[in-house]
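Student: One structure follows; several queries about it will come next.
The numbers here are math on the coordinates, done by the rules we state, and not lab data. The structure presented is a predicted model; accordingly, all values stated were derived computationally and were not measured. Here Cβ is always computed from backbone atoms with ideal geometry, including for glycine, and neighbour counts include all displayed protein chains.
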Amino acid sequence: MTSLILGIAMTLPLAVFIVSCDNELVPYKNSPPVPVIYGVLDPSDSIFYVKLERTFSGDSDAMVLASDESKRYFVSVSARLDYLNNNNEVASINLVPMDLSEKQDGIFTSGRNLIYCGHKNDFTNNGDPDFLVKGQFELSLYIEDINQQIRCVTEIPSKPVFVEPKPGIPTKIFFSNETPYRIIFYRQSYYYYEVVILFKYFENLIDGSSEQKQIEFRTMYPPYNSPFPFNERWVEQHLTPQVFLNRIARQINTNEKVDSRRFSSIDFIIRKGNPDYYNYFHSVNADLSTEVRPQSNISNGMGVFTCFASTVSSGHTLNSAALYVLCNDSTTRHLKFVYP
């Protein structure tokens, strides 16, 4: 889940707020800071991460303000994550601030990149068979800077069900336009789903070294209206050769330092999440010409605190015919994949 947390930008309005009156933009120069939280948890992860920032305003250019970490972070924060079952507290861990060493490119790269984290092993299980399988996560924050308490709760979804390919049974992948590779899972209308394909490979460099790499293809399935929101329906996603090759060609760049590439394996991941995440993601990525208030499930703040459950089917390989196509098709030939 870490990649998701680090890979998706905090697109809520962290800079100057504006209002419209007779087509004139008026900044709120001295508005009080509002906590902005981004926490997307997966019970299968070994470490849980929560991002906490703050809105800011001022007379300077927004880009200049954003580079000042004192404008982006609170100074004194107490953070705790509780695991609840039937709304009763079972276990809790403290979340401690950590400065991430790797940062995304953009406005917020200067200074610290602060995130709050806690290790799953610090939870005390006490033999509960449902531990982190069902129940809720509760996030509690006390921000001394503004004397404000924040509490938010999210449900832990049940694990999604793969029909094909089955977890624990690696397969040889072969597909054609007539018989595409099928990814089949059960879907409930209430939840948001993602199907992720991890394509793993090695880059053999001219200097003789080798690096393992991976790219991912993601397909989103938003919640939908149904009179029976928790009934399951069968969903079948097809992967055709041309779609597969096009996605690889778009995501792997040519590199003069690469002598050759060698395919390794493919993992399929299905992720099932509460609708809060989809509502947030949809609202902050809406057309800027349309007035859309960012969706939030944070009391006394903004952002999203939600949970995913994942099922992984790993270790799949391409059969000889599919490998030959990867190495020789005009779409991917320039990437220097070699036939073993």
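Student: What is the spin-label model distance, in nm, from Arg151 to Thr124 if the labels are put 7 Å beyond Cα along the C-beta direction?
Tutor: The modelled label-to-label distance comes out at 2.1 nm.
Student: What is the mean projected area of the alpha carbon convex hull for segment 203-273, to one decimal in square nanometres?
Tutor: Value for segment 203-273: 6.8 nm².
Student: I want to make sure I understand the PRE zone here: with the label point 7 angstrom from the Cα of Val161 toward its beta carbon, which residues in segment 220-236 have backbone N atoms less than 16 Å away?
Tutor: Answer for segment 220-236: 229-236.
Student: So, counting K/R as plus one and D/E as minus one, what does the shell of residues with Cβ under 14 Å around Ser44 add up to?
Tutor: Local charge sum for Ser44: +2.
Student: Grab the other residues whose beta carbon is less than 15 angstrom from that of Asp128, score K and R as +1, D and E as -1, and report the net.
Tutor: Charge balance in the 15 Å sphere: -1.
Student: Suppose every K and R has +1 on its Cβ and every D and E has -1 on its Cβ; what is the size of the dipole of segment 123-268 about the Cα centre, in Debye to the nearest 20?
Tutor: 560
Student: Could you give the length gained by full extension between Val96 and Glu178, i.e. 0.36 nm per residue of separation minus their alpha carbon distance, to one decimal place?
Tutor: So the chain would gain 24.2 nm between Val96 and Glu178.
Student: Which order do the peptides 206-212, 174-180 take when ranked by the mean count of other beta-carbon atoms within 10 Å per residue, highest first?
Tutor: Per-residue Cβ counts within 10 Å, averaged per peptide and sorted highest first, yield 174-180, 206-212.
Student: Going 7 Å from the Cα of Met220 along its beta-carbon direction, which residues of segment 163-205 have the amide nitrogen within less than 11 Å of the resulting point?
Tutor: Output list for this probe position: 193-194.
Student: Also: Could you compute the net charge surrounding Ile269? Neighbours are other residues with a C-beta less than 10 Å from the C-beta of Ile269; K and R count +1, D and E count -1.
Tutor: -1
Student: When you count, for each residue, the other Cβ atoms within 10 Å and take the mean per peptide, how do 231-239, 132-140 rank with the highest first? Before the final figure, lay out each step's value.
Tutor: Working: 231-239: 13.4, 132-140: 18.2.
Per-residue Cβ counts within 10 Å, averaged per peptide and sorted highest first, yield 132-140, 231-239.
Student: Would you mind checking segment 152-176 for residues with the amide N under 18 Å from a putative spin-label position 7 Å along Cα→C-beta of Glu232?
Tutor: Inside the label zone: 156-169.
Student: For labels at Ser78 and Ala321 in the simple 7 Å Cα→Cβ model, what's the distance in nm?
Tutor: 6.5
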